[in-house]
Amino acid sequence: METSTLRIGQRAPFCKNGGMGYVLLAYLLGSLVGGLLFFPQVRQKDLPGGSGVFRQKGPLAALMVVLFDVGKGVLAAYLTPEAWRPLAAGSVVAGHNWPLFFRFRGGGGIAPSLGFFLFWYPQTTLLAAGLGLLVAGLYHALYWGRRRRGVYPIPFGAIFGYLALLFLLPGEGRLGALLSALAVGLRGLQILRGRW
């Protein structure tokens, strides 16, 4: 495979004979998990995503992690040509969930997928995220806040956000949302089974 040097901002080709280099790059970007880079001790007690860091380190630390993880999703989408974005969307989430740099034990994948789709389809993603947050808030108020068991509110709301993306996006975006949702769903099943 013949490659060229990636020049950010000039949109020079990273991989001249096929775009799997973009998919690999998205995975490697995803593998830079903010919670594990900034707060590695969180891994001993919780998940390294925004929610776990919030529970262990507080809201400012969680905000930093969420912004980093959303940002890497944006960067992955920015660097990937349109034709390869569906695969890169799933790849950045897979990298976050099963990171090469952290023994394949990462976060849940919601923040990097949010960033990726905010870049690719900003209006639709904001609508889907708003729906997800509304459902998460209702779920917290009506069920989880009283019982404190089951799926956490943000992942529960994200299910509805991903469903909205699947219904609202065009074909290539729908494939990217499906791959991202599958990666988030598989990681969610691992977490629910205590394999985090």
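The values are calculated or read from the model by the stated rules, or taken from the named source; none is laboratory data. Note that the coordinates shown come from a computational prediction; the quantities given were computed from them, not determined experimentally. All Cβ positions, even for glycine, are placed from backbone atoms using ideal geometry, and neighbour counts span all protein chains on display.
Residue-wise test of (1) at pLDDT 90 or above; (2) farther than 14 Å from PRO112 by Cα; (3) in contact with a Lys or Arg (Cβ under 7 Å, 6 or more places away or on another chain); (4) buried (at least 19 other Cβ atoms within 10 Å of the Cβ).
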{"site": "GLU2", "(1), (2), (3), (4)": "no, yes, yes, no"}
{"site": "PHE14", "(1), (2), (3), (4)": "no, yes, no, yes"}
{"site": "ASN17", "(1), (2), (3), (4)": "no, yes, no, no"}
{"site": "VAL33", "(1), (2), (3), (4)": "yes, no, no, yes"}
* Enumerate the pairs (first residue in segment 74-87 and farther than 16 Å from ALA181 by Cβ; second residue anywhere and in a loop (DSSP other than H, G, I, E, B)) with beta-carbon separation below 8 Å, excluding pairs fewer than 6 apart on the same chain, so at least 6 apart or on different chains. => LEU79/LEU6; LEU79/ILE8; LEU79/PHE14; THR80/GLY19; PRO81/GLY19; ALA83/GLY19; TRP84/GLY19
* Name the residues in segment 90-134 that are among the charged types (D, E, K, R) and on the phi > 0 side of the Ramachandran plot, would you? -> ARG103
* Structure fact -> Here the qualifying pairs (Cβ atoms under 8 Å; residues six or more apart or on different chains; first in segment 38-66 and touching a residue at least 24 places away in the same chain (Cβ under 8 Å) and buried (at least 19 other Cβ atoms within 10 Å of the Cβ); second acidic (Asp, Glu) and outside any helix (DSSP H, G or I)) come out as GLY52/ASP46
* Could you say which residue among VAL42, VAL74, VAL53, VAL93 is closer than 21 Å to PRO153 by Cα, modelled with pLDDT of 95 or more and not polar (S, T, N, Q)? -> VAL93
* Asked: Assuming GLN123 fulfils every condition listed in (1) surrounded by fewer than 16 Cβ atoms within 10 Å (Cβ to Cβ); (2) modelled with pLDDT under 90; (3) of a type outside the set (Asp, Glu); (4) in a helix (DSSP H, G or I) apart from one, which condition is it?
  -> (2)
* Asked: Among the listed residues ALA141, ALA177, ALA158, which satisfies the condition of being surrounded by 21 or more Cβ atoms within 10 Å (Cβ to Cβ) and more than 17 Å from ALA26 (Cβ to Cβ)?
  -> ALA158
